[in-house]
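Trainee: First the structure, then my questions, so here it is.
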Amino acid sequence: MDADADTDTDELLLEPSQSSPPNSHLWVPSEQDSEDEILQDYLEDNQPTSITELDEDGESSQESVTLVSDRDWVIGHIEDLLESIVNGLLAENEQLTINLKTRSGLSRRQQDAGTIPPPRNIEISYPGNNAQDARRFTVVVRILELIHGCLIDDVVMTKRDMYYRHPDLFGKQPVVDRYVDDIACTLGVPRSLLNVTAAAKGLVAGSFVLNRGDGTSVRGLSEPEGILVPTIQASDALDMSAVHWILVIEKEATFRSVLSSPLWKVLGAQGLVLTAKGYPDIVSRRFLRHLADDFPHISMYALVDLDPDGIHIMSTYKHGSLRLAHEDVARRDTPGVNLPNLQWFGVQSHHIARAPGNEGDTTTAALAATEGVMRLTARDRKKAHHMLEWGVCGEHGSEPGWRAELQRMLMLNVKVEMQILDELPGGLVSWLSNQLEVMRCRSADDEMLF
Amino acid sequence: MSKQYLTLHTLSDAHPSDVFALAPTTKSILSASGSSTIHIHDTTQADFPLLQSLEGVHPLGIHHLATAREARRAASAGFEGRVKIWSEGEDGTWKADGEISDQLKAGDVWAIALSADGKYLACSSINGKINVWSLAEEGKPKIRDYETKGSFGMCVDLSRDGRFTASGHENGSIYVFDNDTGRLTHSLAGLVKPVRSVAFSPSTTLLAAAGDSRTIALYDVKSGEQIANLAGHGGWVLTLDWSDTGEYLLSGSHDGKAKIWRIETRQCVATHAHGDKPLWTAKWLPKSTRSEMFALGGGNNAISFYREAAG
């Protein structure tokens with residue numbers, strides 16, 4: 001973790017008024033598995049969580065509240081928040097306080113029960129106990145103001161734009177990301193209702209056309225290196241008639257080598273490939289979810305490394321990330337972003353280390369001969385242990401196949417990066433097109449069975 | 001000259017996921033998998049009925065099991081890093097009998113082996129250390145602590161007489177330690193790729209070792225010299241076991257194939273396919289009145305029993 005880099009701003013990410021050891025609440029983009037964090041998760045799970053009521057109607061603030069949250073409602077709430085601060089100032093209160101709910105630092109422990117763990121409450125006060133508290137308060141108020149402005153003007157801002165408004169105040173991007181998510185969590189709405197989007201991170205390419213409401217259109221094959229994942233608006237129409245499959249690729253490098261391959265001419269005409277460059281952002285996930293909702297007959301596959309991070313990334317696409325669980329609350333007009341029908345395309349353990357020279361099995365033979373199989377690091381093993389402990393890879397979790405692959409990795413102490421597939425005759429892309437054919441036949445068989 | 005082995009019985013779906021470990025006793029066989037449960041099946045009856053299940057033993061799954069050849073004791077190691085000891089009562093029921101209580105973390109213990117009398121437990125670890133615990137003493141103290149060069153100890157074995165501990169490592173190293181003196185007896189050369197199984201012959205004269213190099217190396221325990229190389233497996237060799245008499249060696253591979261080797265002639269005398277999934281464990285059953293039998297367990301979640309064809 002970056003404890004040594006600009007500690008000043010890092011402290012903004014620490015929970016206020018916590019007696020926990022330092023660093024236990026450092027916000028980290030991907031879940032780093034420090035023992036501290038695990039311990040903290042455990043402690044949190046065993047504490048009764050008191051939930052402060054922030055909703056007007058007085059319902060206990062579970063995520064299942066069924067009120068209609070629209071733009072006016074959100075504006076009203078943010079104004080209430082800001083107003084209470086102004087009133088506090090006018091009344092010359094000694095301490096001004098904003099109550100926020102957060103999911104940062106929550107574990108995946110309860111994911112399996114199908115319930116979203118309740119958020120924790122944090123209090124942000126001014127002047128607070130020290131300069132950090134005061135600064136944190138200022139950050140939150142400034143973000144509330146920016147969101148309010150976006151909503152009033154009805155413009156969409158990226159988290160990146162927000163950061164660049166006041167880089168000196170925010171210090172670094174994760175500070176903005178975290179408090180924006182906390183504000184969404186507090187209001188119990190997806191972030192898009194705050195008119196804030198993540199900076200577009202994902203790339204997509206393929207034979208689709210997005211016809212915008214204003215008459216313009218976005219073509220999936222317009223750029224040789226793919227286009228930024230677009231945000232689909234209600235007035236847009238998506239033409240997917242040429243797309244037969246959707247492939248989500250963990251790594252940008254692999255995405256690029258697919259697009260630069262001579263075979264892409266054929267593949268790209270019948271499918272869609274997307275990469276969010278590692279752990280996926282909400283924009284990419286929402287785009288995929290849109291495709292899954294509108295085109296349920298198109299199979300969706302994930303190509304990730306055979307290592308604990310790869311499985312975790314696939315899990316984030318399929319089951320979502322708990323830190324942003326409020327994004328998944330299914331509401332009437334704001335569907336969740338999970339992809340329950342995402343299928344595991346590769347890399348799987350049966351793709352590696354088989355007998356060389358077995359008749360009719362040249363594919364695996366070639367793989368066995370390569371040296372692309374690597375040993376697990378201590379971090380990999382630790383991560384695998386934590387994943388086996390709870391959630392979808394737990395003993396009674398919903399993904400027994402993933403659990404088995406994690407255990408096989410631990411048994412053999414090996415992992416496989418998808419680049420190994422490039423060592424095959426014809427390279428990764430020819431393997432891909434063969435596998436897509438295999439998967440297509442398999443799903444055709446399934447259809448005949450049922 | 002080849003030998004014939006016939007499938008006697010298959011317990012399909014013996015476990016809900018990969019069967020990682022089998023450990024026989026005189027009348028039963030213990031099995032463990034990626035689930036948290038140890039099953040114990042009767043090996044004296046034709047349909048190998050389930051006798052007992054030890055449930056919720058290691059929540060992250062169980063990677064190794066060991067039984068003592070001449071005592072009613074077993075040990076299990078789970079992915080969470082704990083080692084539990086089990087004892088069989090007079091009525092044949094298995095009960096928990098404590099665990100190794102040194103503050104173990106995941107990876108401190110990997111492979112495990114029990115001495116024939118069940119008094120000693122040897123363990124390898126991720127950091128390459130090889131430890132021996134005395135199970136008969138109060139508090140189950142650690143009595144030996146062998147340092148190696150830090151490469152992952154993927155497998156371990158104790159000689160039947162309890163005198164030697166052998167370990168195989170990810171960097172290809174094989175070590176033999178003398179438990180009486182606490183000293184390194186041999187550092188064996190020959191394999192450069194990960195060593196995934198080591199096994200002493202019943203008389204402790206030979207040590208077999210194998211892994212990703214796909215060949216099985218035989219060493220003279222006394223001199224430390226390599227005396228044979230058994231080639232034939234197409235995949236990584238994951239498991240080795242000597243027959244009771246020391247005449248045959250059973251091996252299992254990542255490609256799902258099991259082979260039986262006649263030590264006298266150094267020939268492979270039989271090959272069996274247990275599906276195409278990894279064959280994690282292959283064990284002879286102690287010789288009873290019936291002909292020689294062995295059991296295979298692996299990635300197809302099944303346990304299969306084979307016996308030598310009569311005649």
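Trainee: Provide a single number: the residues in the stretch A:205-228 that are open to solvent by less than 10 Å² (accessible area, probe 1.4 Å) and over 22 Å from A:S443 (Cβ atoms). Reasoning before the result, please.
Mentor: Just the residues of the stretch A:205-228 that are open to solvent by less than 10 Å² (accessible area, probe 1.4 Å), to begin with: A:205-206, A:208, A:210, A:220.
Filter once more, so that each one left must be over 22 Å from A:S443 (Cβ atoms): A:205, A:210, A:220.
Number of matching residues: 3.
Trainee: If you take the residues of the stretch B:61-85 that are open to solvent by 10 Å² or more (accessible area, probe 1.4 Å) and assigned to a loop (DSSP other than H, G, I, E, B), which of them is nearest to the other protein chains (Cβ to nearest Cβ)?
Mentor: So, considering only residues that are open to solvent by 10 Å² or more (accessible area, probe 1.4 Å) and assigned to a loop (DSSP other than H, G, I, E, B), the one nearest to the other protein chains (Cβ to nearest Cβ) is B:E80.
Trainee: Give the number of residues within the stretch B:9-23 that are farther than 26 Å from A:G397 by Cα and surrounded by 22 or more Cβ atoms within 10 Å (Cβ to Cβ). I'd like the intermediate steps shown before the answer.
Mentor: Initial filter on the stretch B:9-23 (farther than 26 Å from A:G397 by Cα): B:9-10, B:23.
Applying the additional criterion that residues be surrounded by 22 or more Cβ atoms within 10 Å (Cβ to Cβ) yields B:23.
Within the stretch B:9-23, residues that are farther than 26 Å from A:G397 by Cα and surrounded by 22 or more Cβ atoms within 10 Å (Cβ to Cβ) number 1.
Yes/no per residue for (1) open to solvent by 50 Å² or more (accessible area, probe 1.4 Å); (2) within 14 Å of chain A (Cβ to nearest Cβ):
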{"position": "B:P59", "(1), (2)": "yes, yes"}
{"position": "B:K95", "(1), (2)": "yes, no"}
{"position": "B:G118", "(1), (2)": "no, no"}
{"position": "B:A122", "(1), (2)": "no, no"}
{"position": "B:S125", "(1), (2)": "no, yes"}
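Trainee: State which residue pairs qualify: first residue farther than 17 Å from A:F345 by Cα and inside the stretch A:274-287, second residue polar (S, T, N, Q) and in a strand (DSSP E or B) in any location, beta carbons under 8 Å apart, and separation of 6 or more residues or different chains.
Mentor: Filtered contacts from the stretch A:274-287: A:I282/A:T197; A:V283/A:T197.
Trainee: How about the stretch A:208-303: which helices (runs of 4 or more DSSP H) wholly inside it have at least 2 residues that are under 22 Å from A:N434 (Cβ atoms)?
Mentor: So the answer is A:252-259, A:264-268.
Trainee: Sort through B:G128, B:G162, B:G172 and tell me the only one that's out of contact with any Ser or Thr (no Cβ under 7 Å at 6 or more places or on another chain), more than 17 Å from B:V83 (Cβ to Cβ) and not acidic (D, E). So that I can check it myself, show each step before the final result.
Mentor: Working: B:G128 fails: out of contact with any Ser or Thr (no Cβ under 7 Å at 6 or more places or on another chain); B:G162 fails: out of contact with any Ser or Thr (no Cβ under 7 Å at 6 or more places or on another chain).
Criteria check complete, one pass: B:G172.
Trainee: For the stretch B:1-37, give me the residue count where each residue is within 14 Å of another protein chain (Cβ to nearest Cβ) and closer than 15 Å to B:G78 by Cα. First the steps, then the outcome.
Mentor: If we filter the stretch B:1-37 for residues that are within 14 Å of another protein chain (Cβ to nearest Cβ), which is where we start, we get B:13, B:15-21, B:32-37.
Next cut, closer than 15 Å to B:G78 by Cα only: B:17-21, B:32-37.
So the count comes out to 11.
Trainee: Do we find a residue being at pLDDT 95 or above, open to solvent by 10 Å² or more (accessible area, probe 1.4 Å) and in contact with a Cys (Cβ under 6 Å, 6 or more places away or on another chain) anywhere in the stretch B:233-241?
Mentor: So far as the stretch B:233-241 goes, no, none of its residues is at pLDDT 95 or above, open to solvent by 10 Å² or more (accessible area, probe 1.4 Å) and in contact with a Cys (Cβ under 6 Å, 6 or more places away or on another chain).
Trainee: Among the residues of the stretch A:391-413, are any open to solvent by 10 Å² or more (accessible area, probe 1.4 Å), over 22 Å from B:H58 (Cβ atoms) and within 14 Å of chain B (Cβ to nearest Cβ)?
Mentor: Within the stretch A:391-413, none of the residues are open to solvent by 10 Å² or more (accessible area, probe 1.4 Å), over 22 Å from B:H58 (Cβ atoms) and within 14 Å of chain B (Cβ to nearest Cβ).
Trainee: Report, by residue number, each residue of the stretch B:39-54 that is buried (at least 18 other Cβ atoms within 10 Å of the Cβ) and without any contact (Cβ under 8 Å) to a residue 40 or more places away in the chain.
Mentor: Matches in the stretch B:39-54: B:H39 only.
Trainee: Restricting to the stretch B:280-296, count the residues that are in contact with a Lys or Arg (Cβ under 9 Å, 6 or more places away or on another chain) and open to solvent by 50 Å² or more (accessible area, probe 1.4 Å).
Mentor: Number of matching residues: 2.
Trainee: Counting only residues that are open to solvent by less than 50 Å² (accessible area, probe 1.4 Å), within 14 Å of chain A (Cβ to nearest Cβ) and at negative phi, how many does the stretch B:252-264 have?
Mentor: Taking the stretch B:252-264 and keeping what is open to solvent by less than 50 Å² (accessible area, probe 1.4 Å), we get B:252-256, B:258-263.
Filter once more, keeping what is within 14 Å of chain A (Cβ to nearest Cβ): B:252-256, B:258-259.
Going one step further and asking which of them are at negative phi, we end up with B:252-255, B:258-259.
The qualifying residues number 6.
Trainee: B:T215 is checked against (1) polar (S, T, N, Q); (2) within 14 Å of another protein chain (Cβ to nearest Cβ); (3) under 18 Å from B:D244 (Cα atoms) and fails just one. What number does that condition carry?
Mentor: (3) is the only condition that B:T215 fails.
Trainee: Let me ask something else about it. Determine whether the stretch B:265-279 contains at least one residue that is on the phi > 0 side of the Ramachandran plot, touching a Gly at 6+ places or on another chain (Cβ under 7 Å), open to solvent by 20 Å² or more (accessible area, probe 1.4 Å) and within 14 Å of another protein chain (Cβ to nearest Cβ). Before you say what the answer is, go through the steps one by one.
Mentor: Narrowing the stretch B:265-279 to residues on the phi > 0 side of the Ramachandran plot: B:266, B:275.
This time we only want the ones that are touching a Gly at 6+ places or on another chain (Cβ under 7 Å), so: B:275.
Next cut, open to solvent by 20 Å² or more (accessible area, probe 1.4 Å) only: B:275.
Subsequent filtering for residues that are within 14 Å of another protein chain (Cβ to nearest Cβ) retains B:275.
Checked against the condition, which is being on the phi > 0 side of the Ramachandran plot, touching a Gly at 6+ places or on another chain (Cβ under 7 Å), open to solvent by 20 Å² or more (accessible area, probe 1.4 Å) and within 14 Å of another protein chain (Cβ to nearest Cβ), the stretch B:265-279 yields at least one hit.
Trainee: Here's a check for you: in the stretch A:304-338, which residue that is in contact with a helix residue (DSSP H, G or I) (Cβ under 8 Å, 6 or more places away or on another chain), surrounded by fewer than 23 Cβ atoms within 10 Å (Cβ to Cβ) and part of a loop (DSSP other than H, G, I, E, B) is modelled with the lowest pLDDT?
Mentor: So the residue we want is A:T334.
Trainee: Sort out which residues of the stretch B:184-221 are over 13 Å from the mean Cα position of the chain (by Cα), among the small types (G, A, S) and at pLDDT 95 or above, and write them in order of number. Full working, then the answer.
Mentor: Of the stretch B:184-221, the ones over 13 Å from the mean Cα position of the chain (by Cα) are B:184-195, B:202-207, B:211-221.
Keeping just the survivors that are among the small types (G, A, S) gives B:187, B:189-190, B:203, B:211, B:213, B:217.
Matches in the stretch B:184-221: B:S187, B:S203, B:G211, B:A217.
Trainee: While we're here: Within the stretch B:16-36, work out how many residues are polar (S, T, N, Q) and more than 18 Å from the chain's Cα centre (by Cα).
Mentor: Pass one, the stretch B:16-36, residues polar (S, T, N, Q): B:17, B:25-26, B:28, B:31, B:33, B:35-36.
Now restrict to residues that are more than 18 Å from the chain's Cα centre (by Cα): B:17, B:35-36.
Counting residues in the stretch B:16-36 that are polar (S, T, N, Q) and more than 18 Å from the chain's Cα centre (by Cα) gives 3.
Trainee: Taking only the stretch B:297-311 into account, find how many residues are buried (at least 17 other Cβ atoms within 10 Å of the Cβ) and aliphatic (A, V, I, L, M).
Mentor: 2
Trainee: Looking only at the stretch B:56-79, decide whether some residue is farther than 28 Å from B:V132 by Cα and in contact with a Ser or Thr (Cβ under 7 Å, 6 or more places away or on another chain). If you could, list the steps in order and put the result at the bottom.
Mentor: Here is the first cut: in the stretch B:56-79, the residues farther than 28 Å from B:V132 by Cα are none.
Within the stretch B:56-79 (the criterion being farther than 28 Å from B:V132 by Cα and in contact with a Ser or Thr (Cβ under 7 Å, 6 or more places away or on another chain)), the answer is no, since none of the residues qualifies.
Trainee: Considering only strands (runs of 3 or more DSSP E) fully contained in the stretch B:222-311, which possess at least 3 residues that are over 15 Å from the mean Cα position of the chain (by Cα) and in contact (Cβ under 8 Å) with a residue 60 or more places away in the chain?
Mentor: Details: elements: B:226-230, B:237-242, B:248-253, B:257-262, B:267-273, B:281-284, B:293-297, B:303-308.
Those strands (runs of 3 or more DSSP E) span B:267-273, B:303-308.
Trainee: Give the residues of the stretch A:151-195 that are open to solvent by less than 30 Å² (accessible area, probe 1.4 Å) and out of contact with any helix residue (DSSP H, G or I) (no Cβ under 7 Å at 6 or more places or on another chain), sorted by residue number.
Mentor: Result: A:D182, A:T186.
Trainee: Select from the stretch A:114-138 the residues that are closer than 13 Å to A:R103 by Cβ, open to solvent by 30 Å² or more (accessible area, probe 1.4 Å) and modelled with pLDDT of 85 or more and list them in ascending order.
Mentor: A:N121
Trainee: Same structure again: Being at pLDDT 85 or above, out of contact with any Pro (no Cβ under 7 Å at 6 or more places or on another chain) and among the hydrophobic types (A, V, I, L, M, F, W, C) narrows it down to one residue among A:L424, A:L367, A:L410; which is it? I'd like the intermediate steps shown before the answer.
Mentor: Details: A:L424 fails: at pLDDT 85 or above; A:L367 fails: at pLDDT 85 or above.
Exactly one of A:L424, A:L367, A:L410 is at pLDDT 85 or above, out of contact with any Pro (no Cβ under 7 Å at 6 or more places or on another chain) and among the hydrophobic types (A, V, I, L, M, F, W, C), namely A:L410.
Trainee: Evaluate the following for B:G234: is it within 14 Å of chain A (Cβ to nearest Cβ), within 23 Å of B:T205 (Cα to Cα) and small (G, A, S)? Walk me through how you get there before you give the answer.
Mentor: Working: within 14 Å of chain A (Cβ to nearest Cβ): yes; within 23 Å of B:T205 (Cα to Cα): no; small (G, A, S): yes.
No; evaluated as a whole, the condition is false for this residue.
The values are calculated or read from the model by the stated rules, or taken from the named source; none is laboratory data. No experiment lies behind these values; they were computed from the predicted model shown. Cβ: placed from backbone, ideal geometry, glycine included. Neighbour counts: every protein chain shown. Remember, those area values only see protein heavy atoms, side chains included, never the ligands or the DNA or RNA. Shrake-Rupley method; radii C 1.70, N 1.55, O 1.52, S 1.80 Å.
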